[in-house]
Amino acid sequence: MKTKLKYIDLFAGAGGLSEGFIRAGFDPIAHVEMNKDACDTLKTRTAFHYLKENNSIEVYHNYLKGIISREELWSKIPTELINSVSNTEISAETLPFLFEKIDKQVGKSQVDVVIGGPPCQAYSVAGRARDPNGMSDDPRNHLYKYYVEFLKRYNPKMFVFENVPGILSANNGGYLDLIFKAVREAGYELDKKVLNAKNFGVLQDRKRVIIIGWRKDLNLKYPNFEEKDPQYAILKDLFSDLPKLQNGEGAWGISHYTSKTTPYLEKSGIRNGIEFTTQHIARRNNDNDLEIYKIAVNQWVNEKRRLNYAHLPERLIKHNNTTSFTNRFQVVNHDGVSHTVVAHICADGHYYIHPDVKQNRSITVREAARIQSFPDDYFFEKSRTTAFKQIGNAVPVLMAEGIANKIKELI
């Protein structure tokens with residue numbers, strides 16, 4: 001059997017990028033992530049992959065059903081696999097510890113690829129707009145330096161560095177220049193493109209800067225990605241088999257499907273063989289917000305017109321600011337792809353209103369995960385709020401898989 005290509009995932013989040021690489025046939029050596037809840041999600045997903053490979057997937061399903069605890073689940077897999085997830089912030093102080101730990105995990109293997117994207121708030125246009133210094137003194141601007149240290153240490157054939165389009169304009173493109181300079185000095189050639197998740201079969205309009213690099217001694221290049229618009233729609237193809245809910249309803253545990261799968265759910269691997277999913281749970285909303293949701297949905301579905309907050313009846317306006325963020329209530333597109341899912345979804349659901357007016361609520365954790373193309377057996381640890389944040393920060397799985405397949409071809 002051919003040896004699988006190996007990778008290290010830095011700033012791994014909940015594992016969207018990693019899941020795509022695993023689906024493309026890569027094998028993770030290590031994940032590094034500073035957020036504990038995201039690390040717990042990574043450990044649970046590591047357990048899933050181990051149990052699936054060893055014909056014991058029923059153990060994982062028992063965890064989803066609440067029959068066994070998380071600790072019992074984790075105890076069923078080798079300790080070194082659980083330990084391959086490092087809940088550590090990457091910094092000058094932690095690099096020696098991380099290198100020592102990952103060296104043991106690497107052993108005699110060759111690291112083929114390093115993947116990951118440093119936290120993007122420092123590069124995002126929204127983050128810079130909110131910060132009086134435009135995020136110029138944010139230490140996260142310099143996390144790329146540690147990424148480069150991993151390239152120097154493990155000498156992978158290629159790397160994938162993912163970030164928001166705002167990185168192109170941050171510091172007038174100065175940060176990008178610094179990244180390119182540091183990577184070239186480390187012995188790599190690289191290129192960047194703005195890729196859109198919807199061209200990879202994800203039902204979401206989500207643009208990301210994908211920097212791909214390769215060792216200078218290898219005759220490689222930036223992969224060629226086709227641009228194909230998805231032929232599917234959110235309501236009919238992505239949400240139709242999930243139980244219909246009102247605000248505040250749903251289950252953190254299992255929810256049974258209410259209809260057969262759809263061609264899109266099959267093709268994307270979102271519905272993947274079991275008869276239930278989890279975390280299909282909706283926020284509770286107050287009457288004022290629910291009235292706004294109804295107006296927003298009717299305007300969008302019937303008139304293809306987005307709600308302007310300033311144009312609401314006066315009795316419904318509760319924010320003093322009616323000149324900026326007037327699109328703070330937004331409906332997920334019912335007959336095409338969704339707008340970008342971001343981490344702010346953990347604060348409230350007003351920007352992600354369900355397009356079925358009869359349900360009159362914001363989207364559930366599972367619906368958000370589906371928009372990000374996570375499979376239905378992917379479980380996000382801890383709470384609804386932390387799950388939403390992990391999902392909003394993730395790289396869509398299908399996009400990651402598409403990138404991984406091209407990298408695999410090249411290597």
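The values are calculated or read from the model by the stated rules, or taken from the named source; none is laboratory data. All figures in this text were calculated on a predicted structure; none of them were measured in a lab. Here the Cβ positions follow ideal geometry from the backbone for every residue, glycine too, while neighbour counts run over all protein chains shown.
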Do we have any residue at all in the range 289-302 that's closer than 30 Å to TYR60 by Cα and touching a residue at least 40 places away in the same chain (Cβ under 8 Å)? no
Select, from ASN308, ASN247, the only residue that is more than 26 Å from TYR378 (Cβ to Cβ) and either in contact (Cβ under 8 Å) with a residue 24 or more places away in the chain or of a type in the set (S, T, N, Q) (or both). ASN308
Would you tally the residues in the range 301-312 being out of contact with any Phe, Trp or Tyr (no Cβ under 7 Å at 6 or more places or on another chain) and farther than 14 Å from GLN359 by Cβ? 8
Single match in SER373, SER338, SER324 (criterion: among the small types (Gly, Ala, Ser) and either under 26 Å from PHE159 (Cα atoms) or touching a Lys or Arg at 6+ places or on another chain (Cβ under 6 Å) (or both)): SER373
I want to confirm something. Restricting to the range 1-47 and keeping residues that are at pLDDT below 95 and of a type in the set (Lys, Arg), which single residue is nearest to GLN390 (Cα to Cα)? LYS4
Out of curiosity, is VAL365 more than 23 Å from ILE295 (Cβ to Cβ) and either touching a residue at least 40 places away in the same chain (Cβ under 8 Å) or crowded, with 23+ Cβ neighbours inside 10 Å (or both)? yes
